[in-house]
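Below: one structure, written as structure tokens.
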Amino acid sequence: SIPLGFFGGIGGASRAGVLVKGGNYLEALNNVETIVFDKTGTLTKGVFEVTAIETVAEIDKASLLEYAAYAEGYSNHPIALSIKRAYKKEIDNSLIENYREVAGYGVKATVKGMRVIAGNSKLMKQANIILPSSKATGTVVHIAINEKYMGYLLIADEIKDDSIKAIKALKDMKIKRIAMLTGDSKAVADKVANQLGLDEVYAELLPHQKVDKLELLDKRNTGKGKLVFVGDGINDAPVLARADIGIAMGGIGSDAAIEAADVVIMTDEPSKVSTGIKIARRTRKIVW
Ligand code: ADP
Ligand code: MG
């Protein structure tokens with residue numbers, strides 16, 4: 001028969017698809033007080049789809065999409081990839097100049113001699129572009145050309161089926177606080193948090209503000225429990241490094257995230273967080 005200890009420990013965790021980078025992290029997983037999730041790519045699929053295009057009178061939808069796709073030409077952000085998929089055609093990189101990605105905001109580039117910026121309302125504000133009022137709920141990528149507002153692309157993402165299971169399992173395990181941090185809009189963040197039943201949600205955060213929020217959440221811990229952050233590494237590698245236990249979604253995560261993390265989930269399933277905690281708890285029983 002298989003000895004009880006077989007599924008315990010670091011080896012057992014890795015067989016379950018959870019790589020723990022040391023015994024101290026397995027031990028720490030026994031004593032988790034707060035778990036903070038990133039939204040995009042972690043709780044949601046991170047596979048965006050352009051679902052609507054709205055333009056001002058001066059430009060048509062196809063042209064707006066073309067400028068946006070070119071501005072995003074060099075970006076690997078999930079939003080950028082969705083815009084390039086929607087555009088469908090090849091992008092001629094020789095038509096893109098002065099490309100710059102502004103983490104947590106969007107992109108800027110000169111496309112066919114036109115200054116294009118594509119990103120969220122904060123990026124538009126920073127560039128003094130006046131946004132028309134809009135009722136669009138969802139992730140919105142605004143586009144301005146030569147400092148004039150030209151319209152937006154509405155981008156949809158979906159909650160992973162596994163996220164529902166993941167949050168339920170963690171609640172059943174009596175984790176005290178489950179929160180979410182995101183750079184996305186408050187409307188989108190609230191919708192996801194409500195659907196999953198999260199305790200707390202913080203939206204419209206820049207990468208460094210995610211670290212500040214994590215520190216705030218850390219201060220609210222009783223001092224006994226560990227603070228876990230779970231992310232895909234896109235715009236959240238500093239938060240992964242700051243948490244007591246940084247968990248990277250290795251299935252889709254960047255090398256930087258896998259490097260910065262203490263624990264790596266080998267799939268894109270957030271429910272592996274509870275798997276890891278369960279194994280840690282069982283291992284402790286056997287060892288002690
Ligand atoms: P999250 O915290 O949900 O993982 P990010 O921090 O990666 O999201 O991005 C936050 C927001 O910044 C996005 O919701 C989007 O509005 C904007 N953004 C970031 N990168 C891009 C990009 N390449 N193109 C357009 N918008 C972007
Ligand atoms: Mg992310």
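The values are calculated or read from the model by the stated rules, or taken from the named source; none is laboratory data. Source: prediction; values computed, not measured. Every residue, glycine as well, gets a Cβ built from its backbone with ideal geometry; the counts of neighbours run over all protein chains shown.
Is it the case, given these coordinates, that GLY183 is on the phi > 0 side of the Ramachandran plot and either touching a residue at least 60 places away in the same chain (Cβ under 8 Å) or within 11 Å of ligand 1 (Cβ to nearest atom) (or both)?
When the stated conditions are applied, GLY183 does not pass them.
Every residue, every condition in (1) more than 23 Å from VAL107 (Cα to Cα); (2) surrounded by fewer than 15 Cβ atoms within 10 Å (Cβ to Cβ), yes or no:
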residue	(1), (2)
VAL20	yes, no
ASN24	yes, yes
LYS39	no, no
GLU49	no, yes
ILE53	no, no
ALA71	no, no
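So, restricting to strands (runs of 3 or more DSSP E) that lie completely within segment 146-247, which ones have at least 1 residues that are modelled with pLDDT under 95 and either outside the structural domain of ALA260 (by TED's automatic domain parsing) or under 20 Å from SER121 (Cα atoms) (or both)?
Working: elements: 148-156, 177-181, 200-202, 226-231.
By residue number, 148-156.
I'm trying to understand the selection: among the residues of segment 111-120, which are more than 16 Å from ligand 2 (Cβ to nearest atom) and crowded, with 17+ Cβ neighbours inside 10 Å?
Result: VAL111, ARG115, VAL116, ILE117, ALA118.
In segment 70-106, how many are on the phi < 0 side of the Ramachandran plot and away from ligand 2 (no atom under 16 Å from the Cβ)?
Number of matching residues: 21.
Is it the case, given these coordinates, that GLY22 is within 16 Å of ligand 1 (Cβ to nearest atom), in the same structural domain as GLU204 (by TED's automatic domain parsing) and within 25 Å of VAL211 (Cα to Cα)? Quick ask: steps written out before the conclusion?
Values: within 16 Å of ligand 1 (Cβ to nearest atom): no; in the same structural domain as GLU204 (by TED's automatic domain parsing): yes; within 25 Å of VAL211 (Cα to Cα): yes.
Criteria not met by GLY22.
Quickly run through segment 62-113 and pick out the residues that are within 17 Å of the chain's Cα centre (by Cα) and part of a helix (DSSP H, G or I).
Within segment 62-113, PRO78, ILE79, ALA80, LEU81, SER82 meet the criteria.
For a quick check of your reading of the model, give me the residue pairs whose first member lies in segment 64-76 and is at pLDDT 95 or above, whose second is in a loop (DSSP other than H, G, I, E, B) and surrounded by fewer than 22 Cβ atoms within 10 Å (Cβ to Cβ), with beta-carbon atoms closer than 7 Å and at least 6 apart or on different chains.
Going by the 7 Å Cβ cut-off, the qualifying pairs are ALA69/ILE91; TYR70/ILE91; GLY73/ILE91.
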